[in-house]
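Reading through the structure tokens given below for one structure.
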Amino acid sequence: MTQRICCIGAGYVGGPTMAVIADRCPQIHVQVVDINQARIDAWNDADLSKLPVYEPGLDVVVGRSRGRNLSFSTDVSAAIAAADMVFISVNTPTKTKGLGAGQASDLRWVEACAREVAQAATGHTIVVEKSTLPVRTAAAIKTILEAAGDGEDQRTFSVLSNPEFLAEGTAIRDLEAPDRVLIGGDDPASIDTLAAIYAHWVPQRQILRTNLWSSELSKLTANAFLAQRISSINSIAAFCEVSGADVREVARAIGTDSRIGPKFLNAGPGFGGSCFQKDILNLVYLCRHFGLPEVADYWESVVALNTWQQHRIARLVVEKLFGTVTGKRLAILGFAFKADTNDTREAPAIRICRDLLEEGAQLAIHDPKVAVQQMARDLQQKAEPQEDALSGTGSWAEACTVEEAVTGADAVLVLTEWQEYRTLNWMSLAPRMRKPAWVFDARAITDHEQVRAAGLTLWCVGDGDV
């Protein structure tokens with residue numbers, strides 16, 4: 001029976017996942033470790049509103065378990081040595097240089113974790129891949145661990161794949177009531193050990209067992225299929241805009257088909273987050289590596305259309321504002337890649353804002369959860385006012401309120417579907433703007449009648465009537 005779990009990586013997956021396991025399994029001590037001292041300090045902060053990951057409900061779950069059977073530390077080796085089971089939940093970004101640059105996953109941190117486990121583990125240790133990994137990564141981890149177990153200390157290892165299927169913004173709900181838990185491996189006893197942990201709150205019929213390679217590929221495939229739906233509906237949205245159709249009506253019509261279903265049919269500025277693009281590009285790389293260029297081209301087109309959608313929205317803003325945004329103030333509402341998270345990785349707002357900055361726009365960016373320092377890192381430009389608005393150099397600044405953002409603005413761009421943006425009082429906001437003023441609703445969440453009644457011109461994604 002598992003008594004101590006160590007999770008390497010205190011990010012968006014490791015932190016929430018381990019918090020829920022600790023909450024549901026009070027008899028198991030769960031320790032989350034990370035080499036980032038500031039991140040661990042934030043997890044240990046007495047003020048639960050300062051957790052490094054914003055996720056609805058996470059503060060409550062952490063509050064129940066932290067100090068009881070959930071702890072956070074930077075002492076990685078000690079946590080591994082004490083653990084019966086070690087989860088690897090570190091970042092696997094796309095490589096930026098070398099073999100496979102731009103598509104293959106950078107596995108340096110996964111390998112470093114495997115070597116750390118190989119050095120520090122004691123007795124029999126079950127190593128669980130939680131990070132999203134290329135197919136057959138487990139083989140590399142096994143090789144490293146087996147080399148460490150060849151000595152006289154009788155250490156043994158089992159490697160399992162247990163991919164996460166979380167949606168940011170609903171991660172706690174997804175963890176507490178998952179569609180399925182997937183465990184891949186070739187050691188039935190180890191699979192049963194991990195399954196027994198989830199069985200404390202997940203019905204056995206929803207705990208799926210596969211081999212290692214099927215489990216690793218299932219994660220990539222799930223994200224690829226979901227992203228494909230988003231790119232598909234966005235392609236139809238563009239056609240709706242030029243044909244007079246309404247993409248929401250089209251989505252409702254096709255979504256009632258039981259073979260298709262209604263989920264992931266909301267047109268918008270495209271997908272973001274840490275997984276979709278990275279995982280598809282990984283799949284593209286693997287398909288080319290194994291001699292399947294046509295399959296690779298198909299999945300690569302999903303990413304290409306997503307990028308095109310974001311550039312298209314930025315170009316459309318420029319075209320509607322008399323062909324130039326140089327010196328014009330544009331209010332950006334939403335910077336996170338989706339509502340209910342502070343995650344900005346691959347956020348559509350980044351590419352759209354960069355395009356507008358390149359055109360010389362003056363951006364006022366508001367987001368209820370994203371810190372200004374994160375915006376600066378993503379935009380690769382410091383926040384600072386532009387003294388000469390007509391210089392042609394784009395600039396941006398944080399707006400603490402929506403009212404501050406729209407004051408003096410020529411246009412408002414709604415880029416994240418935060419609840420507070422759905423209920424904006426456009427009658428009070430419109431007088432603050434410079435006329436003629438536009439609202440570009442890239443999420444289709446505004447009150448269209450109120451926007452028009454306030455004297456603003458509206459563009460809404462996928463609506464051919466506006």
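The values are calculated or read from the model by the stated rules, or taken from the named source; none is laboratory data. Note that the structure is a prediction, hence the values are computed from the model and not measured. All Cβ positions, even for glycine, are placed from backbone atoms using ideal geometry, and neighbour counts span all protein chains on display.
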Worksheet item: Does the stretch 31-44 contain any residue that is over 23 Å from the mean Cα position of the chain (by Cα), of a type outside the set (Phe, Trp, Tyr) and within 20 Å of residue 173 (Cβ to Cβ)?
Response: no
Worksheet, complete the sentence: The residue from 351, 345 that alone is in contact with a His (Cβ under 8 Å, 6 or more places away or on another chain), basic (Lys, Arg) and farther than 14 Å from residue 439 by Cα is 351
Practice prompt. Scan the stretch 282-293 for residues that are buried (at least 22 other Cβ atoms within 10 Å of the Cβ) and outside any helix (DSSP H, G or I) and jot them down.
Written response: none
Discussion item. Being within 16 Å of residue 395 (Cβ to Cβ) and either modelled with pLDDT under 95 or among the basic types (Lys, Arg) (or both) narrows it down to one residue among 320, 328; which is it?
Written reply: 328
Item to complete: Could you run through the stretch 122-177 and say how many residues are over 19 Å from residue 90 (Cβ atoms) and among the basic types (Lys, Arg)?
Response: 2
Worksheet item: Based on what the data block shows, is residue 237 out of contact with any Phe, Trp or Tyr (no Cβ under 6 Å at 6 or more places or on another chain), at pLDDT 95 or above and either outside the structural domain of residue 250 (by TED's automatic domain parsing) or not hydrophobic (A, V, I, L, M, F, W, C) (or both)?
Response: no
Worksheet item: Does residue 367 satisfy being of a type in the set (Asp, Glu) and within 13 Å of residue 398 (Cα to Cα)?
Response: yes
Worksheet item: From the residues in the stretch 62-85 that are among the hydroxyl-bearing types (Ser, Thr, Tyr) and part of a strand (DSSP E or B), which one is farthest from residue 26 (Cα to Cα)?
Response: 73
Item to complete: From (1) modelled with pLDDT under 95; (2) within 24 Å of residue 273 (Cβ to Cβ), pick out the condition that doesn't hold for residue 356.
Response: (1)
Worksheet, complete the sentence: Among helices (runs of 4 or more DSSP H) completely within the stretch 164-281, the ones holding 1 or more residues that are crowded, with 21+ Cβ neighbours inside 10 Å, acidic (Asp, Glu) and in contact (Cβ under 8 Å) with a residue 24 or more places away in the chain are 212-243
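Yes/no per residue for (1) outside the structural domain of residue 276 (by TED's automatic domain parsing); (2) part of a strand (DSSP E or B); (3) touching a residue at least 40 places away in the same chain (Cβ under 8 Å); (4) in contact with a strand residue (DSSP E or B) (Cβ under 9 Å, 6 or more places away or on another chain):
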residue	(1), (2), (3), (4)
12	yes, no, yes, no
15	yes, no, yes, yes
18	yes, no, yes, yes
32	yes, yes, yes, yes
53	yes, no, yes, no
60	yes, no, no, no
87	yes, yes, yes, yes
100	yes, no, yes, yes
Response to the item:
Those residues of the stretch 304-330 that are part of a helix (DSSP H, G or I), farther than 21 Å from residue 456 by Cβ and touching a residue at least 40 places away in the same chain (Cβ under 8 Å) come to a total of 7
Practice prompt. Tell me, please, whether a residue that is farther than 19 Å from residue 176 by Cβ and buried (at least 19 other Cβ atoms within 10 Å of the Cβ) can be found in the stretch 67-74.
Written response: yes
Item to complete: Determine whether the stretch 159-167 contains at least one residue that is charged (D, E, K, R) and either in contact with a helix residue (DSSP H, G or I) (Cβ under 9 Å, 6 or more places away or on another chain) or in the same structural domain as residue 301 (by TED's automatic domain parsing) (or both).
Response: yes
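Tally up the residues in the stretch 102-136 that are on the phi > 0 side of the Ramachandran plot and part of a helix (DSSP H, G or I), please.
Qualifying residue count for the region: 0.
Restricting to the stretch 442-464, name every residue that is of a type outside the set (S, T, N, Q) and assigned to a helix (DSSP H, G or I).
448, 449, 451, 452, 453
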